[in-house]
Amino acid sequence: MDMHPTDLIAPSKTLEVDALAKKLISEGKDVVNLTAGEPDFPTPKPIVEKAIEALEMGYTKYTDSNGLPALREAISKYLKAKKGIEFSADEIVVSNGGKQSLFNAFASILDSGDEVILFAPLWVSYPAQIILSRGQPVIVKTKFENGFMPTKDELLIAVTENTKAIVVNSPNNPSGGIYDYDTLKMIAQIANERGIFVITDEVYDDLVYEGTHKSMYGLVREELLIYINAFSKSHSMTGWRVGYAATKNKDVKKKMSKIQSHVASNVNTIAQYAAIAACETDNTYMVEEFKKRRQFIIEKAREYGLDFLEPKGAFYLFFKVGDNDEEFCKRLLAEKLVAAVPGSAFEMPGFVRISFANSLNILEEGMSRIKEFMDSLKNGSKS
């Protein structure tokens with residue numbers, strides 16, 4: 001009997017660990033939860049006020065399944081003004097977060113047996129979404145020593161006649177790394193020469209602390225590029241669920257629209273009106289606060305002798321812990337009540353991800369407990 005695609009995937013490890021931490025907190029345990037993949041700031045006031053206004057105006061009906069025309073126009077203007085990226089409103093499909101935009105993209109381009117190249121460490125849902133879309137994930141293990149960026153040889157070895165797409169996630173979750181321009185050009189050149197789609201997931205592109213973020217837009221042939229972004233990370237709107245895909249490939253856009261219309265009709269109407277306000281809401285204060293937290297956690301990580309790469313973007317620290325990262329995280333939670341995510345969840349065993357999307361007080365307590373735990377491991381190995 002053939003297996004159903006859902007038999008080949010597991011629940012999201014990050015959501016699973018986060019749920020366990022929250023359960024322990026609800027039971028009164030003093031848990032420091034460093035799993036969060038979301039900003040801890042409240043959604044900015046202008047965005048909330050726009051949602052309230054929409055409710056009071058009675059804007060509670062269905063919208064165009066592609067998204068409110070006013071929202072897609074606002075996104076188009078926002079991308080051009082802030083990022084130098086040009087997509088018309090008609091080239092944008094709004095969905096329930098960047099996660100659904102990614103699924104819509106995979107489902108639109110993949111046929112049975114098509115391969116999608118992923119660079120590990122990688123976001124946990126990529127492989128599952130590819131499998132659910134009848135595709136086959138091909139994972140390229142990048143090296144810590146190379147900043148977790150793929151080399152040309154590593155990519156070429158993975159490319160076959162069945163390769164349909166390459167996913168690029170920069171700034172990266174979980175490493176916080178930002179792909180340099182030469183690496184992006186190398187990926188684009190291979191994709192352009194071989195007619196391979198590039199799905200560029202840039203949801204953390206507002207959260208850059210060192211250097212500059214360069215988009216794949218403008219490097220990849222326009223008919224091969226599918227651009228993914230969202231308001232979740234940049235405007236603290238994780239629970240609002242508003243993301244979008246953009247492409248100049250009319251066939252792919254048409255397919256994504258069909259999928260969106262049948263799977264979800266439209267994104268929550270109130271959230272769409274709120275997202276219009278997000279396009280005009282300054283978020284630099286969040287970035288500045290994340291910079292302070294990043295600096296604090298880097299200083300502590302150095303002081304404690306952790307082996308890590310400094311995160312240039314996003315809001316995670318990804319550090320080495322040895323062979324058994326899952327056992328490390330289980331014991332860290334059991335013995336010190338600190339929740340972290342094992343690197344194996346991101347196809348990179350031997351590492352652990354912690355989030356600095358927490359207050360400095362919480363981070364200080366969490367890092368102190370991690371140090372105590374690692375000291376106990378060292379003392380245990382000596383005895």
Taking the residues in the stretch 331-353 that are in a helix (DSSP H, G or I) and in contact with a helix residue (DSSP H, G or I) (Cβ under 8 Å, 6 or more places away or on another chain) as candidates, determine which candidate is nearest to residue 124 (Cα to Cα). 345
Those residues of the stretch 307-323 which are out of contact with any Asp or Glu (no Cβ under 8 Å at 6 or more places or on another chain), touching a residue at least 24 places away in the same chain (Cβ under 8 Å) and not acidic (Asp, Glu) amount to 309, 311, 314, 315, 316, 317, 318, 321, 322
Report the residue count in the stretch 239-282 for those that are under 18 Å from residue 222 (Cα atoms) and assigned to a helix (DSSP H, G or I). 7
Return the residues of the stretch 354-379 that are in a loop (DSSP other than H, G, I, E, B) and either of a type in the set (Ser, Thr, Tyr) or touching a Ser or Thr at 6+ places or on another chain (Cβ under 6 Å) (or both); say none if nothing qualifies. 359
Report the residue count in the stretch 316-362 for those that are surrounded by fewer than 19 Cβ atoms within 10 Å (Cβ to Cβ) and among the hydroxyl-bearing types (Ser, Thr, Tyr). 2
Has the stretch 180-193 got any residue that is under 30 Å from residue 289 (Cβ atoms), surrounded by 17 or more Cβ atoms within 10 Å (Cβ to Cβ), at pLDDT 95 or above and of a type in the set (A, V, I, L, M, F, W, C)? yes
For the stretch 1-28, name all the residues that are in a loop (DSSP other than H, G, I, E, B) and charged (D, E, K, R). 2, 27
Search the stretch 287-309 for residues being surrounded by fewer than 16 Cβ atoms within 10 Å (Cβ to Cβ) and acidic (Asp, Glu), and hand back the single one that is farthest from residue 148 (Cα to Cα). 288
Which ranges mark the strands (runs of 3 or more DSSP E) fully within the stretch 29-142 that have 1 or more residues being assigned by TED's automatic domain parsing to the domain that holds residue 208 and buried (at least 21 other Cβ atoms within 10 Å of the Cβ)? 92-95, 115-120
Can you find even one residue in the stretch 226-233 that is surrounded by fewer than 17 Cβ atoms within 10 Å (Cβ to Cβ) and either of a type in the set (Ser, Thr, Tyr) or out of contact with any Ser or Thr (no Cβ under 6 Å at 6 or more places or on another chain) (or both)? no
Enumeration of residues in the stretch 258-286 that are out of contact with any helix residue (DSSP H, G or I) (no Cβ under 6 Å at 6 or more places or on another chain), hydrophobic (A, V, I, L, M, F, W, C) and crowded, with 17+ Cβ neighbours inside 10 Å: 267, 286
Conditions (1) surrounded by fewer than 17 Cβ atoms within 10 Å (Cβ to Cβ); (2) part of a loop (DSSP other than H, G, I, E, B); (3) of a type outside the set (Lys, Arg) -> residue 220 fails only (1)
Six or more apart or on different chains, Cβ atoms under 8 Å: show the pairs whose first residue is in the stretch 261-281 and closer than 13 Å to residue 79 by Cα and whose second is of a type in the set (Lys, Arg). 276/50; 279/77
Cβ pairs under 7 Å, 6+ apart, first in the stretch 139-165 and more than 22 Å from residue 309 (Cα to Cα), second modelled with pLDDT under 95 and in a loop (DSSP other than H, G, I, E, B): 162/113
Tally of residues being assigned to a strand (DSSP E or B) and of a type outside the set (Phe, Trp, Tyr) across the stretch 162-210: 12
On the basis of being within 24 Å of the chain's Cα centre (by Cα) and over 30 Å from residue 55 (Cα atoms), does residue 310 make the cut? yes
I need a count of the residues in the stretch 64-91 that are within 11 Å of residue 273 (Cα to Cα) and more than 25 Å from the chain's Cα centre (by Cα). 2
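The values are calculated or read from the model by the stated rules, or taken from the named source; none is laboratory data. Keep in mind that this is a model prediction, so the values were computed, not measured. Note that we place each Cβ from the backbone using ideal geometry, even for glycine, and neighbour counts take in every protein chain shown.
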